Amino acid sequence: MTGRALLSVERVSVGLPTPRGHLLAVDQVDLSLAPGRTLGIVGESGCGKTMLSRAILQLLPKRARLSGTVMFDGQDLVRLAPEALRRLRGPSLAVVFQDPMTSLNPVLTIGTQIIETLQAHMGMEAPAAARRGVELLAAVGIPAPEQRLRQYPHQLSGGMRQRVAIAIALSCEPKLLIADEPTTALDVTVQAQILDLLAREQQRRHMAMILITHDLGVVAGRTDEVAVMYAGRVVERAPTPALFTSMHMPYTEALLAAIPKLDSPPHTPLPAIAGRPPDPTRPLPGCSFAPRCRYADDRCRSAKPPLAPDHAGSLYACWHPLQPPAALGT
Amino acid sequence: MMRDTAVTDGSKLLEVENLVVEYPVGKKTVHAVTDVSLHVDRGETLGLVGESGCGKSTLGRAVLQLRRPTAGKVMFDGVDLTQLQGETMRLMRRRLQLIFQDPIASLNPRRRIGDIVAEPLVITGLTDRAERERRVRAVMTAVGLDPDLAMGRLPHEFSGGQCQRICIARALILEPELVICDEPVSALDVSIRAQILNLLEDMKRRYGLTLLFIAHDLAVVKAVSDRIAVMYLGRLCEVGPTEQLFARPAHPYTALLLEAIPVPDPTVRPAVNVPIGEPPSPIAPPSGCRFRTRCSRADRRCADEVPPLRAIGPGQFAACHHPLTTAA
């Protein structure tokens, strides 16, 4: 990791009581992110990626139990008072969610929602905030921004709503933007536009970003580092190019193989991953991926592999990595 | 490795001719499908792609007469479905089935899986209980579910992927000829998506199916389709053999869709020239070529004349005045 970390997540676990028992949604996760960098968090539904992002934002459900520390810009967010947290969200920490219809208030105009954010966090007067709102909407590629300010969310398409959500998130010049599946609900052409927009604004503002997605295609060209999550744990973490060229985790390999390839001929059978992720209320003693892994043996089923570095500094949690760290000890 | 593609004897099982579907909203009209003609050969998979609101699902429903077309014909095995009424249409529907996007929402949460899968047999008048159970067990085994474990359970006890298997079993139990799959894997995780796509391919061979596969994800469509049809704002832009269409797209919209797909390879730079903007409203579609408002090649002619579908290569047709590739 280069430079001082803006965000450093240490041994974070999130547990939730459920009718079926205690659910360990996030299990001892460590992450760090330097200013201006982009971290991709990849995993399937239920792997804990959204719970982890909510733990960073301190937006967990009330019944959730969080342990560990979330150091952001020199402060531990876990131990910060609610009032101090509120001051931090917006100017320092911002978030864009998957569904822009539910993250915008349906009974307030776009303008009201942007202007009140600027008034609350930036101490702007209403006329100045309205002018800034127009600038922000124009910056995220919304045509006729003055008219849009007077409209309600339902009058906008999904892509336009997501642009508004991004404009609101960017309005206070945050140091860290967490984008949780920001394009999953959108069409491919709109997805490309939104990802381009996020990348452009990030560079311009030297903002750090966490891009959460289930799609390895989305993180491939647009992140510096990728963390792959499975069953609540980070199972592999590496600089993006290294992850794709020399992955160690059989899960990452299987996940990549299961995506239909554009250069394969039609009717090529896909190497599907058999089975499904384990029940999070029934943690396994060994590696969580072992029941679906073709390399698994008795050791994998009995002992949990730690997240360990290879010779180049990529981390993986596997007893039988795909490319063993050959240069170890030299 | 190429799978032996099923029996395509070249006869057209489904022919959609000049199909128009319009419906009123207030005093205005939504032009959901405008003058679309396409065919699906027996044993073939035709992929139908396009963005939300392009009319691809409406087209699928109009084929099944779940939404009656405003104009045009839907010829299925030589019979025009738009002319069928009541009982004759109901009898015909056994031969056409539909699989939806949301597998959980398409199962009645209060009914047992065995009853859900048997329902089509009950509706079509199979009263022999033992025979019904035999067929339910056979089709459930075929889709990879254990009938002994699954038949007595309720939908909420199953994951999304397993629910889609149940929906596929229900669609196949009447041994249909044509199955319309409307975004069957869009709601599923990557690892489960591959299982379901493989299952659909297996079922196609096993039951000799013809598929109309509707999806917005070109990579998914490519994995299963023999030919692909691209729709934009209610009109057909381009149709052609899968590999040819991917290698040499002729319509600028097809090229745009291909460019926008995120590739899981960090050495491939993401597309930067995806134009800003979204499809216009189907209530007031642009004159001439409907894609012209987002197209870099558009000129006066594109605004004045609707481009007809023209031959580009063997089996490839595009509706564009300025195609990226032209007939050799």
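Please note which strands (runs of 3 or more DSSP E) are completely contained in the stretch B:191-271 and include at least 1 residues that are within 12 Å of another protein chain (Cβ to nearest Cβ) and among the basic types (Lys, Arg).
B:227-232
Answer yes or no: is there a residue in the stretch A:96-114 that is surrounded by 14 or more Cβ atoms within 10 Å (Cβ to Cβ) and under 16 Å from A:ARG205 (Cβ atoms).
Within the stretch A:96-114, one or more residues are surrounded by 14 or more Cβ atoms within 10 Å (Cβ to Cβ) and under 16 Å from A:ARG205 (Cβ atoms).
Give the stretch A:166-180 a look and list any residue that's buried (at least 24 other Cβ atoms within 10 Å of the Cβ) and in a strand (DSSP E or B), or say none.
A:ILE178, A:ALA179
Consider only pairs whose beta carbons are under 7 Å apart and that are at least six residues apart or on different chains; among these, list those whose first residue lies in the stretch A:143-158 and is assigned to a loop (DSSP other than H, G, I, E, B) and whose second residue is surrounded by fewer than 12 Cβ atoms within 10 Å (Cβ to Cβ).
From the stretch A:143-158, the pairs are A:TYR152/A:PRO106.
Would you kindly identify the strands (runs of 3 or more DSSP E) lying entirely within the stretch B:1-93 that contain at least 1 residues that are touching a His at 6+ places or on another chain (Cβ under 6 Å) and more than 14 Å from every other protein chain (Cβ to nearest Cβ)?
Those strands (runs of 3 or more DSSP E) span B:12-25.
Can you tell me how many residues in the stretch A:182-199 are modelled with pLDDT of 85 or more, at the interface with chain B (Cβ under 10 Å from one of its Cβ atoms) and out of contact with any Leu (no Cβ under 7 Å at 6 or more places or on another chain)?
7
Please determine, by comparing only the residues of the stretch B:163-190 that are within 12 Å of chain A (Cβ to nearest Cβ) and among the aliphatic types (A, V, I, L, M), which one is surrounded by the fewest Cβ atoms within 10 Å (Cβ to Cβ).
B:ALA187
Scan the stretch B:113-124 and tell me whether some residue there is under 18 Å from B:THR210 (Cα atoms), among the β-branched types (Val, Ile, Thr) and either crowded, with 22+ Cβ neighbours inside 10 Å or in contact with a Leu (Cβ under 6 Å, 6 or more places away or on another chain) (or both).
For the stretch B:113-124, residues under 18 Å from B:THR210 (Cα atoms), among the β-branched types (Val, Ile, Thr) and either crowded, with 22+ Cβ neighbours inside 10 Å or in contact with a Leu (Cβ under 6 Å, 6 or more places away or on another chain) (or both): absent.
Does the stretch A:98-120 hold any residues that are modelled with pLDDT of 90 or more and of a type outside the set (A, V, I, L, M), and which are they?
Within the stretch A:98-120, A:ASN105, A:PRO106, A:THR109, A:GLY111, A:THR112, A:GLN113, A:GLU116, A:THR117, A:GLN119 meet the criteria.
Restricting to the stretch A:309-325, name every residue that is under 21 Å from A:SER32 (Cα atoms), at pLDDT below 95 and hydrophobic (A, V, I, L, M, F, W, C).
Selection gives A:ALA312 alone.
Can you find, within the stretch A:237-275, the residue that is farthest from the other protein chains (Cβ to nearest Cβ) among those that are under 22 Å from A:GLY36 (Cα atoms) and not in a helix (DSSP H, G or I)?
A:ARG237
What about B:GLU51, is it more than 18 Å from B:LEU309 (Cα to Cα) and modelled with pLDDT of 90 or more?
When the stated conditions are applied, B:GLU51 does not pass them.
The values are calculated or read from the model by the stated rules, or taken from the named source; none is laboratory data. On a predicted model such as this, the values are computed, not experimentally measured, just so you know. With ideal geometry, Cβ positions are generated from the backbone for all residues, glycine too; neighbour counts draw on all protein chains shown.
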